[in-house]
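Everything on this sheet refers to the single structure shown next.
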Amino acid sequence: MPMSRSQCRPFLLTLLVLLFPCGTYAQEKPAEPVLLTVSGEVEHPLQLTAADLSHLPRHSVRAAEHGKEAAFEGVALSDVLKMAGIPTGEHLRGKLLVKYLLVDARDGYQVVFALAELDSAFTDREVLLADRRDGKPLSAEEGPLRIVVPGEKRPARWVRQVRELKVGSIK
């Protein structure tokens, strides 16, 4: 026996709700916040979360900032640049040596590094993108990410609250 029009409506509404659940019915995980953007003259622009950074090798350094020594933990800045497709090692030569990295902080502070300063083929110093200090996550004032440059006499390029890395070149 066929359904009448008045009997079909509730059936169709139920079917639509089951097939196309709206936001109140669907339980979605909230997206993890982006901690770091890598942009500019890169092969692979990136928007990295804490989970993305957790897949990179961890490093630690002891370094003094304003006379106070601390243990910093994080990832090598060079590893993040490799993820973005920046040439390294023997591939970083010639015209590529005019490329630089502009580090941009949430408070507007900016510093520049030549890419060669960050490459293990040019230097033994490892610049760290730190997320921990003395075994604890960085404070809101410092983090969630900061640049640590061991061996520099002044920590002027130790950028707090890092939010973006921009690769460019002198033209």
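The values are calculated or read from the model by the stated rules, or taken from the named source; none is laboratory data. All of these numbers come straight from a predicted model, not from anything done at the bench. Every residue, glycine among them, receives a Cβ derived from its backbone with ideal geometry; neighbour counts consider all protein chains shown. Accessible surface is based on the protein model in full, side chains and every heavy atom, while ligands, DNA and RNA are left aside. Shrake-Rupley method; radii C 1.70, N 1.55, O 1.52, S 1.80 Å.
Things worth noting here:
- Residue selected from region 75-128 under the condition among the polar types (S, T, N, Q) and open to solvent by 60 Å² or more (accessible area, probe 1.4 Å), by the criterion nearest to residue 53 (Cα to Cα): 120
- Search result, residues across region 148-163 that are outside any loop (DSSP other than H, G, I, E, B) and either without any contact (Cβ under 8 Å) to a residue 12 or more places away in the chain or out of contact with any Gly (no Cβ under 9 Å at 6 or more places or on another chain) (or both): 155, 156, 157, 163
- Among the numbered conditions (1) assigned to a loop (DSSP other than H, G, I, E, B); (2) among the aliphatic types (A, V, I, L, M); (3) farther than 17 Å from residue 138 by Cα, the only one that residue 111 does not meet is (1).
- Near pairs, Cβ below 7 angstrom, 6+ apart or cross-chain, from region 73-90 (closer than 16 Å to residue 133 by Cα) to any residue that is of a type in the set (Lys, Arg) and at pLDDT 95 or above: 73/58; 73/132; 74/132; 75/58
- Selection of region 30-52 for residues being outside any loop (DSSP other than H, G, I, E, B) and either touching a strand residue (DSSP E or B) at 6+ places or on another chain (Cβ under 6 Å) or farther than 15 Å from residue 138 by Cα (or both) yields 36, 37, 38, 39, 40, 46, 47, 48, 51, 52.
- If you filter region 129-145 down to residues that are open to solvent by 10 Å² or more (accessible area, probe 1.4 Å) and free of Cβ contacts under 8 Å to residues at least 40 places away in the same chain, you find that the one that is farthest from residue 42 (Cα to Cα) is 136.
One line per residue, one yes/no per condition, for (1) outside any loop (DSSP other than H, G, I, E, B); (2) out of contact with any Lys or Arg (no Cβ under 9 Å at 6 or more places or on another chain):
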residue: 97; (1), (2): yes, yes
residue: 101; (1), (2): yes, no
residue: 120; (1), (2): no, yes
residue: 126; (1), (2): no, yes
residue: 131; (1), (2): yes, no
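- When the residues of region 57-87 are filtered to those that are among the small types (Gly, Ala, Ser) and outside any strand (DSSP E or B), the one that is farthest from residue 143 (Cα to Cα) is 85.
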